[in-house]
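Comments concern the structure below.
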Amino acid sequence: MTAMSMRAVSPMPDAQTVMARASTENFPVASRMLPRRARSHLLAVYGFARLTDELGDSAPGDRLSALGELERDLDRAYEGRAEHPLMRALQPTLGECALPREPFARLIEANRVDQRVNRYQTWEQLRGYCELSANPVGELVLAVLGLATPTRVTLSNSICTALQLAEHWQDVAEDMACGRIYLPGEDLERFGCTPADLTARHAGEPLRRLLAFEVARARAVLAEGAPLIDELHGRAKLAVAAFVAGGRAALDAIERARYDVLPGPPRAGTSRRLLALAATFADRRRAT
């Protein structure tokens, strides 16, 4: 399929627009703690993940067709003939790092799920979604760094799930505006919260209690993955600690906002992230 026919399926966002989101993430996309070549590879992986999300979240027209075309371009990338600029940028990374196709395919599948599922009734269903939407990123990061083992991937999955949960809790209002609710239905019922409570200007007491519960649960999941830091050394250790610290800082920001996320997503500034990084290393020293 030619680039012209790709545009006929659905307009593809340009690379600059997609990559502009990197500065808004809760964690450093390509930490300067890492060697330059590793940063380049991680930015290429991030470009794919963001492009996939853009198609699943905001592409005009038939998003399933657009995601299908992206998967075909992924196959072309493995053959060295991708068409989208971000997919072409990914090609050297696929070869040099010997990255498997399956995690990329799961990220695409997560966005297919988004086209047909907009609510999750149980915690386990939501964690299953994170297996598609978040955990593959950690697997790919470890693969890029040449550090992937089954144990490390399992720990990474907890970190990535927690980061995804933190983003969901920050973005309750934005997701609701798109018709999506990631707060599990069973938890909404438990705390006496209704979907209408998610459309108010400010969070009422039931929603604040619910988010306090979800933030605590996300912290526990993040803590499950934190021992990954102890598995690593040098710059990789620092980079993964920064991922964990970014999650901690995001959850802290929600707490500082007294769980009122409806006016806008609470965000942590640079100083808060640095404090969270120091606290993360202090916790790991006590744990070992």
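Taking 0.36 nm per residue of separation and subtracting the Cα-Cα distance, what length does fully extending T149 through R285 add? Before the final figure, lay out each step's value.
Values: separation 136, 0.36 × 136 = 48.96 nm, distance 2.30 nm.
The span from T149 to R285 would gain 46.7 nm if fully extended.
Run the simple label-point estimate for E102 and D230 please: 7 Å along Cα→C-beta, distance reported in nm.
2.8 nm
Rank C130, C97, C178 by mean-square fluctuation in a GNM of the chain with C-alpha springs under 10 angstrom and give only the top-ranked residue.
Of C130, C97, C178, the Gaussian network model singles out C178 as fluctuating most.
Hey, of [x] 148; [y] 213; [z] 122, which did the structure itself give for volume of the Cα convex hull per residue in Å³ when calculated?
So the calculated entry is the one marked [z].
With point charges of +1 on the Cβ of Lys and Arg and -1 on the Cβ of Asp and Glu, referenced to the Cα centre of region 131-277, which listed residue (A173, A216, P227) lies farthest in the positive direction of the dipole?
Projecting each Cα onto the dipole axis, the largest value belongs to P227.
Which residue, R50, R81, R272, tops the fluctuation ranking in a GNM of the chain built on C-alpha contacts under 10 Å?
In this elastic network of the chain, the residue with the biggest mean-square fluctuation among R50, R81, R272 is R81.
Got a number for carbon plus sulfur as a percent of the chain's accessible area, 1.4 Å probe?
54 percent
Helix hunt in the chain: which complete DSSP H runs extend at least 27 Å axially by C-alpha with mean Kyte-Doolittle at least 0.5?
Values: long enough: 36-58 (32 Å, -0.37); 150-170 (30 Å, -0.08); 205-225 (31 Å, 0.23); 234-256 (32 Å, 0.53).
The qualifying helices are 234-256.
The values are calculated or read from the model by the stated rules, or taken from the named source; none is laboratory data. The model shown is predicted, which means the values in this text are computed figures rather than measured ones. Methodologically, a virtual Cβ is constructed for each residue, glycine included, from the backbone with ideal geometry; neighbour enumeration extends over all protein chains shown. For the accessible areas, the whole protein counts, side chains as well, though only heavy atoms, and no ligand, DNA or RNA atoms are used. Shrake-Rupley method; radii C 1.70, N 1.55, O 1.52, S 1.80 Å.
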